[in-house]
Amino acid sequence: MKLVFAGTPEVAVPALDALLASGRHEVAAVVTRPDAPAGRGRRLVASPVAERAEEAGIEVLKPAKPKDPEFLERLREIGPDCCPVVAYGALLPRVALDIPAHGWVNLHFSLLPAWRGAAPVQHAIMAGDEITGASTFLIEEGLDSGPVYGTVTEEIRATDTSGDLLTRLAFAGSGLLAATMDGIEDGTLKAVPQPAEGISLAPKVNVEDAHLDWSAPALRVDRMVRGCTPAPGAWTMFRGERLKLIQVTPVPDRTDLAPGQIAAGKNNVYAGTGSYGVELLWVQAQGKKPMRAADWARGVRIGEGERLGG
């Protein structure tokens, strides 16, 4: 088939690579978000997908909005049979959805209908799910509600951050997306409607959502930290400034600390929660680089009875 691939961040690059390597389909163009300011100088930078497409000599389309007439006209000129999508980052209007004969097929990082929305991996970890995966589905105008072509499953490990899990799903899902394109082309694959039960939503996790509640149980605190790493970063307050928590581990034997109370030894730092303690392993103070929690504690000289969270 002739394909136009839509995607933007680094997590979409493995899928583009898989389609380029398959040899079975032609990736005629790539659609991605416009260049965005990045770094201290706020210089405009092309998306990872745009950079990869340019390396491969593929036409790159960067519409401000997918409903722009110039973009729609160019898409009609290319005449794709199907448009595979991975984390493109913009809503597709009906007029765009109708252009390819086989529609737009999205690789979504959950087992639909669970965790429809922008942050499925973060929510799966924060909810304590043990299994997640990726799904390919035909995009409709509803939120991730279209019929599903296929899935792959992935275990959520006890120490997984959302970054760890998303990386594994990006590579596992790339094979699924390529196989989905093959199945659509040869007519062996039919999309199946999603079940009406088991729907859950995964909206974007913003900075305020990542504010830790020390009265929550230790497992909840651990899941929040892992689910919000690397972005937006779980945080708490300490001495009037934000402290980012990068890695913690539950310590069931530590039951002597009140929620948020800190205890620092020579090589360990613990904080109380609503159940039992957690050990702080890596933190990042405001304006500082990430560091081992024990080094941070020695630097700030934690006093007896001090607490996280204010």
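The values are calculated or read from the model by the stated rules, or taken from the named source; none is laboratory data. Note that the structure is a prediction, hence the values are computed from the model and not measured. Reconstructed Cβ throughout: ideal geometry from the backbone, glycine too, with neighbour counts over all protein chains shown. For the accessible areas, the whole protein counts, side chains as well, though only heavy atoms, and no ligand, DNA or RNA atoms are used. Shrake-Rupley method; radii C 1.70, N 1.55, O 1.52, S 1.80 Å.
What the table shows:
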{"quantity": "Test: residue in the range 160-169 that is out of contact with any Asp or Glu (no Cβ under 8 Å at 6 or more places or on another chain) and outside any helix (DSSP H, G or I)", "calculated": "yes"}
{"quantity": "Candidate set from the range 89-104 (those that are open to solvent by 40 Å² or more (accessible area, probe 1.4 Å) and assigned to a helix (DSSP H, G or I)); member that is farthest from Leu166 (Cα to Cα)", "calculated": "Val95"}
{"quantity": "Residues within the range 179-190 that are within 15 Å of Ala134 (Cα to Cα) and surrounded by fewer than 21 Cβ atoms within 10 Å (Cβ to Cβ), tallied", "calculated": "1"}
{"quantity": "Per-region count, the range 215-261, residues on the phi > 0 side of the Ramachandran plot and within 21 Å of the chain's Cα centre (by Cα)", "calculated": "1"}
{"quantity": "Residue in the range 169-178 that is modelled with pLDDT of 95 or more, crowded, with 23+ Cβ neighbours inside 10 Å and closer than 23 Å to Ala96 by Cβ present", "calculated": "yes"}
{"quantity": "Hits in the range 108-122 (condition: outside any loop (DSSP other than H, G, I, E, B) and crowded, with 24+ Cβ neighbours inside 10 Å)", "calculated": "His108, Pro120, Val121, Gln122"}
{"quantity": "Residue within the range 23-37 that is under 19 Å from the mean Cα position of the chain (by Cα) and open to solvent by 10 Å² or more (accessible area, probe 1.4 Å) present", "calculated": "yes"}
{"quantity": "Breaking point among (1) within 25 Å of the chain's Cα centre (by Cα); (2) more than 26 Å from Ala18 (Cα to Cα), for Gly41", "calculated": "(1)"}
{"quantity": "Those residues of the range 123-137 which are touching a Lys or Arg at 6+ places or on another chain (Cβ under 7 Å) and open to solvent by 10 Å² or more (accessible area, probe 1.4 Å), in sequence order", "calculated": "Met126, Gly128"}
{"quantity": "Where Trp282 falls short, out of the listed (1) in contact with a Pro (Cβ under 8 Å, 6 or more places away or on another chain); (2) open to solvent by less than 60 Å² (accessible area, probe 1.4 Å)", "calculated": "(2)"}
{"quantity": "Failed item, numbered, when Ala271 is tested on (1) outside any loop (DSSP other than H, G, I, E, B); (2) in contact (Cβ under 8 Å) with a residue 24 or more places away in the chain; (3) surrounded by fewer than 18 Cβ atoms within 10 Å (Cβ to Cβ)", "calculated": "(3)"}
{"quantity": "Among the candidates Leu3, Leu44, Leu20, Leu16, residue that is open to solvent by less than 30 Å² (accessible area, probe 1.4 Å) and either assigned to a helix (DSSP H, G or I) or without any contact (Cβ under 8 Å) to a residue 24 or more places away in the chain (or both)", "calculated": "Leu16"}
{"quantity": "Count of residues meeting criterion [over 25 Å from Leu176 (Cα atoms), surrounded by fewer than 14 Cβ atoms within 10 Å (Cβ to Cβ) and in contact (Cβ under 8 Å) with a residue 24 or more places away in the chain] in the range 48-88", "calculated": "2"}
{"quantity": "Cross-chain or 6+ apart pairs with Cβ under 6 Å, the range 172-185 first and touching a residue at least 60 places away in the same chain (Cβ under 8 Å) and of a type in the set (A, V, I, L, M), then open to solvent by less than 40 Å² (accessible area, probe 1.4 Å) and part of a helix (DSSP H, G or I)", "calculated": "Leu177/Ala15; Ala178/Ala18; Ala178/Leu19"}
{"quantity": "Condition check for Leu165: buried (at least 16 other Cβ atoms within 10 Å of the Cβ) and without any contact (Cβ under 8 Å) to a residue 60 or more places away in the chain", "calculated": "yes"}
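Listed here are the residues, each with its yes/no results for (1) touching an Asp or Glu at 6+ places or on another chain (Cβ under 8 Å); (2) modelled with pLDDT of 95 or more; (3) not polar (S, T, N, Q).
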{"site": "Pro259", "(1), (2), (3)": "no, yes, yes"}
{"site": "Ile262", "(1), (2), (3)": "yes, yes, yes"}
{"site": "Asn267", "(1), (2), (3)": "no, no, no"}
{"site": "Thr273", "(1), (2), (3)": "no, yes, no"}
{"site": "Leu280", "(1), (2), (3)": "no, yes, yes"}
{"site": "Gln284", "(1), (2), (3)": "no, yes, no"}
{"site": "Gly287", "(1), (2), (3)": "no, no, yes"}
{"site": "Pro290", "(1), (2), (3)": "no, yes, yes"}
